[in-house]
Structure formats: C-alpha cells, structure tokens
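S.K.: Following this message is one structure expressed as structure tokens.
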Number of protein chains: 2
Amino acid sequence: MNKINTVAVVGGTHGNEFSGIYLLRKWKKNAQLISRSSFATQMVFANPKAHEENKRYIDCDLNRQFLLADLDDQDLANYEQSRAKAINNQLGPKGNAKTDLIIDLHNTTSNMGPSLILLQSDDFNRKMGAYVKSCMPSAVVVFEDQVPVEEHFFLSSISPNGVIVEIGPQPQSVIRQDVLDWMEEMTRHILDYIELHNTNALPQLPASYEAFKYTETLKLPEDENGERAGMVHKNIQDNDFKPLHSGDPIFTLFDGKEVCWEGDYEAYPHFINEAAYYDNNLAMSLGRKLLIEL
Amino acid sequence: MNKINTVAVVGGTHGNEFSGIYLLRKWKKNAQLISRSSFATQMVFANPKAHEENKRYIDCDLNRQFLLADLDDQDLANYEQSRAKAINNQLGPKGNAKTDLIIDLHNTTSNMGPSLILLQSDDFNRKMGAYVKSCMPSAVVVFEDQVPVEEHFFLSSISPNGVIVEIGPQPQSVIRQDVLDWMEEMTRHILDYIELHNTNALPQLPASYEAFKYTETLKLPEDENGERAGMVHKNIQDNDFKPLHSGDPIFTLFDGKEVCWEGDYEAYPHFINEAAYYDNNLAMSLGRKLLIEL
C-alpha cells in the first residue's frame, strides 16, 4: 500500500444527517483539527440543497449515484445525479481519482453506535479497523466488501480507499452530542492512522479483532397488495450487532402475528429500522461475525 | 362533569409521526377496539397530504392552527390552515363543539415514554390522569393548563375536553413496536376511563399522584448573527422528566464551552432535543413536578 497523499472528508451526503454537517462547520473554523503533516485534507459538503430543505435528498439518494455507468450517463441529470458528477469531477474521476481516500460521514437512526464501514478488506483497511478499535473500544467495524470498491455505488467509492463513518442512534434532523463526539473521535483516529501509515510509525496492533461482514438485506413484511403489513419485532429493535438465530421472532405484523427468521446462519442485524430505508421498505441489514487476523 | 357522548381519535396531525397513523389503519379494520357502549367514537386522519410526502407538514404546523381567531380568519388559507378549518367544521366548531372529547395521537423523538398531556386540570382530567397511571405505571402526566383550553392552538382544543397522547422516543418516519404498543395501551385506558366515568363505575383511585406542569420553553444557543451555536448537553439528552437544578450544564456550544441553567426552581425538562422543534430553534420544554390530589 502506497502513501496516502490526498484525503477528502465529506459531510452532508444526506441533508438530514446533521453530525457531519456540523463537524464540517467546526473544522472550517479550525482546519488544523483535520490536518496532518503527511497528506492534504479537503472538506466537501456534498448535498447542501437537501440540507437547506432539511431532507435526505431532493430527487434521489446521492449515496447511490456513484456507479461508473451512472456517472458516465449524461441523461441522469436530476439534482443528486448532477451533484454526483460534480463531486466525481472534484474528487475523482472514479477509476483514476486524484483523491486517495474519502471519509464519508453519516448518521443512522439505528442503534449502531460508532461504526466504521470499510468497502474492502485489504491489509491497509484491516489495519485501519484494528487501529480504530484499539483507540476506541466501542467502535464496530463492518466490511461491505461483497463487491470490489469500483462496483459500489457509494460516494466514498470514488477513491481507491473509501470509508464510511456511520454513527447512531440519532433521529433525522437532530444533533446529539454523544453522536457528534463519537463521529469526531472516529474521524480523528482514521486521520491519525493514515498519518502513522504514511510515516511508517504504526504502533503494535492486536493480532486479531472482531468485525462483521455484510450478507443480505431484509424487507419489511408486505401483504398481497404490496402494502406494509408489519414492523420490526420489539426483541430486535435497538439490538444492532446482537446475534439472531433461526426461529427468533423478527417482525410483528399489524394484526399481532409474529414472523420468525428462518436463516441458516448466526446473523448480526444492523441498520435495524433505519428511517431512511422505509422508502424501499427495507427492515435491516444482516451480517456475519468474523475474526480479522492481521 | 356531564356524560361524554362523542369522542374523536385523531392520528396523523403530523405526517411523519407514524404510530397514530398505523393505529388508525388497525382500528379501521377492528372498530370495536375503540368502541365503548356509552359513547360514539369516530376516527380522523388529520394531515394525509403531509403523510403522503412523509413530512411533518406541507405549509405550516397543523397543530398550531386552532386559535379561535385563526379559525375565523378566511385569509389563512394554506394547506394546514385549510385542514384546520375543515377539521374544526367536522369536530367542532370550537366553542360549541359537537365532539365532547378529542384524543390526538403524537410521537416525539424525545425520551418521554408514554406521556398524557392534559390541557386543563379539572376534576375529570385529574381523575383521568390517576386512572391512566394506575393502569399503566410507566405513564407520565403533564398538565399544559397555563391557559384555558379555548386559548390553546392545539387541534385537541376544539373540544371542551382535549388530550394529547405523546409517545417517544421514536425517530420521525419510523414505526417502533414498543412505542406503538404504548400508544395503543394508553388510548385504550383513556377510552375505558370515559366509559367508567359515563357509567358511574370508576374504581377507587389513588388519593394523589405525581405529575408535571409546563412552565417554559428554552431555545437552543444562538450566536450574535442568530446562527445555531450549540446543542443540548449530553448530560441532559434522554433525561426527560429528570430534575434540573440551577448550575447544571444544559447546552454544549460547538466551540466546546458549556452553558449552565440559571433558573431558580427545580425544573423537569421534556421534549428534550425534539427534532421538530429545530424549525424554531427550540431545545426543550421545562416543567415543575407537582402532586395531584383527588
């Protein structure tokens, strides 16, 4: 892994996830907080118009617009599709990006605590997870490496190294101090890690650590007309990253019946009952727990 | 207090507070759940257009449009102002209402648990609070009786007896089962109370109970340009209905400084960091604790 020369810290990719937006305001006044000696850091406010309207997005989810084919398709021209092209021009272009690493700051309404989502599991990222967890024991590391980085549709996939800082629980359009503090701390550790990597000064890291790997997404129950017919079971609510076994109740239908999970592995739900996922009637993501060895 | 002959159960006054909206759907299929022998119950979906757009409101907050002067002002004609007039026609008119009691169902992002907000403290309401608390020990009773009912701007002030069922914490645009269950249970106890009142069958109630009385609303800190300059202190977050004393930190400024509360009474914050209050840069409501004696 070569030296990281250019880093972008991105906030407000979703206009109603306030922590990153308010941290950008703070860092604009105190740029030294996110500066390090061995690389250049820039800040990007990704979706200012959605924030002005206090919404996740104006026309479509900005953080789903970064497939290479979509960036190349000039007919995709609504507000977020246009912002995606502008940001790709500023930080990319994807595939040959001038930015080596993007840190994209997000909030979730789910009880995920301070989570670091890594889009690939190479040595650099595995060590980043180890470093962040060693500095911040409450941190959770999730690998969404089910496809190569360049096949992801996330903003942070513009750069060859992209990470998502995902902190919750925080309702949309709210600033919680605990969540803001976690986001600032995790971002600081990531920047420190890059600096230590660049200067060959990494401390001894633990030989292994616990992490999660995305497996699948579950939908909310629907009736025969496609109407929402149930909700996340109260036993699951807020239990992000707690184990789920076959036969455990997972949904409660509005008529009172319970639906049990029938999977054949020990699953770890996360993004449980995330508000933004209702648009697509999604209930949660599932993952497997794994031991990352360095 | 005379017999209650007509009750309206209202949901969706705010389009992104989902519990009441989903309970209305359930009760439309099972009207017997909210029917009692001694009075007629009707259901009202107050702001369907805001719900379609997954927003609190289209043009302005519907639950602030029920002052008598505003209902009479035909120049107030945006969507919610028009809905207010239509609902006043359906359930009122305020001052001479055909509906004896309105139960308006709300969610908050604040950690208020199952709260019953009463707009007056007459014998009927004081006993309602006692009955609900005796059936549901986790319930909190708040009197917002700082003005007479007819001077309130809330929807439920159309009727001479109006109550607000306010349940949280629930992010906007989410259905939590625990919150839905609390709302259904509290509504059931209120309807049972009315039935018992009407039939002179009230059980022995406790001689006294703890409740809260609204005193004032605090704003989020602003700088000299009127920009938001801070957030609710992490010590206060989620501590709705816990005591606050002079000198306790209440806000954290974005530059890290703490702001302490300087009031001269033991205050009980609620609606702490409610998402919807950011529109007006409000941080929380304060109340006093009081003992209600029957």
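S.K.: To check you understand DSSP bridge types, tell me what percent of the beta bridges within the protein assembly as shown (both residues inside) are antiparallel, rounded to 5.
M.R.: Approximately 55 percent, going by the DSSP bridge assignments.
S.K.: Amide H to amide H under 5 Å from residue B:212: which residues, 5+ apart in sequence or cross-chain, H placed 1.01 Å off N in plane?
M.R.: It is B:141, B:142, B:143, B:290, by chain and number.
S.K.: Kindly write out, for the range B:51-56 in residue order, the coupling ³J(HN,Hα) from the Karplus curve 6.51 cos²θ - 1.76 cosθ + 1.60 (θ = phi - 60°), rounded to whole Hz, with x marking Gly and Pro.
M.R.: Karplus values, whole Hz, x for Gly and Pro: 5, 4, 8, 6, 10, 4.
S.K.: Let me ask something additional. How far apart, in nm, are the 7 Å Cα→Cβ label points at residue B:264 and residue A:77?
M.R.: Once both label points are built, they end up 6.6 nm from each other.
S.K.: Moving on to the next point. Tell me the label-point distance for the pair residue A:64, residue B:121, using the 7 Å Cα-to-Cβ offset, in nm and rounded to one decimal.
M.R.: Distance between label points: 5.1 nm.
S.K.: Name the aspartates and glutamates eligible as straight-distance cross-link partners of residue B:133: C-alpha to C-alpha under 15 Å, and not fewer than 8 places from it in the same chain.
M.R.: Straight-line reach from residue B:133, under 15 Å: B:166, B:184, B:185, B:192, B:210, B:293.
S.K.: Evaluate the distance, in nm, between pseudo-label points positioned 7 Å from the Cα of residue A:151 and of residue A:54 along their respective Cα→Cβ axes.
M.R.: Taking the simple label geometry, residue A:151 and residue A:54 are separated by 4.1 nm.
S.K.: Let me ask another. Could you tell me the distance between the Cα centroids of the range A:43-67 and the range A:155-220, to the nearest Å?
M.R.: Cα centroid of the range A:43-67 versus Cα centroid of the range A:155-220: 20 Å apart.
S.K.: Here is a further query. Determine, for A:123, A:223, A:75, the number of other Cβ atoms within 10 Å of each Cβ, and report the residues in order from fewest to most.
M.R.: By the 10 Å Cβ count, ascending: A:75, A:123, A:223.
S.K.: Could you give me the percent of Cα pairs per 10 Å distance bin for the range A:1-112, shortest bin first, beginning at zero and ending with the bin that holds the maximum distance?
M.R.: Bin by bin from 0 Å, the calculated values are 14, 42, 34, 10, 0.
S.K.: What angle do you read, to the nearest 10 degrees and between 0 and 90, between the alpha-carbon axis of helix A:18-29 and the longest principal axis of chain A?
M.R.: 10
S.K.: Quick one: what are the phi-derived ³J(HN,Hα) couplings along the range A:225-235, Karplus 6.51/-1.76/1.60 with θ = phi - 60°, whole Hz, x for glycine and proline?
M.R.: 9, x, 7, 4, 10, x, 9, 4, 5, 4, 5
S.K.: Evaluate Rg over Rh across the protein assembly as shown, taking Cα atoms for both radii and Kirkwood's formula for Rh.
M.R.: Rounded to two decimals, Rg over Rh is 1.00.
S.K.: To continue, here is another question. Using Cβ contacts closer than 10 Å as the measure, can you line up A:17, A:166 from fewest to most?
M.R.: With the sparsest Cβ surroundings first, the list reads A:166, A:17.
S.K.: Provide a whole-number value for the mean count of partner chain Cβ atoms within 10 Å of the Cβ atoms in peptide A:167-174.
M.R.: 6
S.K.: While we're here: Put a point 7 Å out from Cα along the line to Cβ at residue A:49; what are the distances to that point in the other copies, in nm, shortest first?
M.R.: 2.4
S.K.: How many percent of DSSP beta bridges within chain A run antiparallel, rounded to 5? Could the numbers behind the result be given before it?
M.R.: Values: 27 of 50 bridges.
Here the antiparallel bridges make up roughly 55 percent for chain A.
S.K.: What is the distance in Å between the Cα centres of the range B:246-265 and the range A:70-135?
M.R.: 37
S.K.: Among A:28, B:127, B:49, which comes first, second and so on when ranked by fewest other beta-carbon atoms within 10 Å? Write out the running numbers ahead of the final one.
M.R.: On the way: A:28 11, B:127 18, B:49 15.
Going from least to most buried by this count: A:28, B:49, B:127.
S.K.: If you wrap a convex hull around the Cα atoms of the range A:6-206, how much volume per residue is inside, in Å³?
M.R.: Output value, Cα hull per residue: 110 Å³.
S.K.: Place the label 7 angstrom along Cα→C-beta at residue A:258 and in each other copy, then list the distances from the first to the rest in nm, shortest first.
M.R.: Label-point separations across copies, in nm and ascending: 4.3.
S.K.: Report, by chain and number, residues whose modeled amide H sits under 5 Å from the one on residue B:113, excluding near sequence neighbours (fewer than 5 apart, same chain).
M.R.: B:168
S.K.: What are the ³J(HN,Hα) couplings of the range B:278-288, residue after residue, when phi is run through the Karplus curve with 6.51, -1.76, 1.60 and θ = phi - 60°? Round to Hz, x for glycine and proline.
M.R.: These are the phi-based 3J(HN,Hα) values: 4, 3, 10, 6, 8, 9, 4, 9, 10, x, 10 Hz.
S.K.: Cross-link list A:49/B:49; B:26/B:94; A:242/B:29: which exceed 30 angstrom alpha carbon to alpha carbon? List each step's numbers first, then the result.
M.R.: On the way: A:49/B:49 23 Å; B:26/B:94 28 Å; A:242/B:29 35 Å.
Pairs exceeding 30 Å: A:242/B:29.
S.K.: Under the rule of at least 5 residues apart or a separate chain, name every residue whose amide H is placed under 5 Å from the amide H of residue A:283.
M.R.: The list, which skips near neighbours in sequence, is A:218, A:219, A:220.
Bear in mind these aren't lab numbers, they're just calculated from the coordinates by the rules spelled out. Because the structure is predicted, anything quoted here is derived from the model rather than measured. Glycine also receives a Cβ, built like all others from the backbone with ideal geometry; neighbour counts cover every protein chain displayed.
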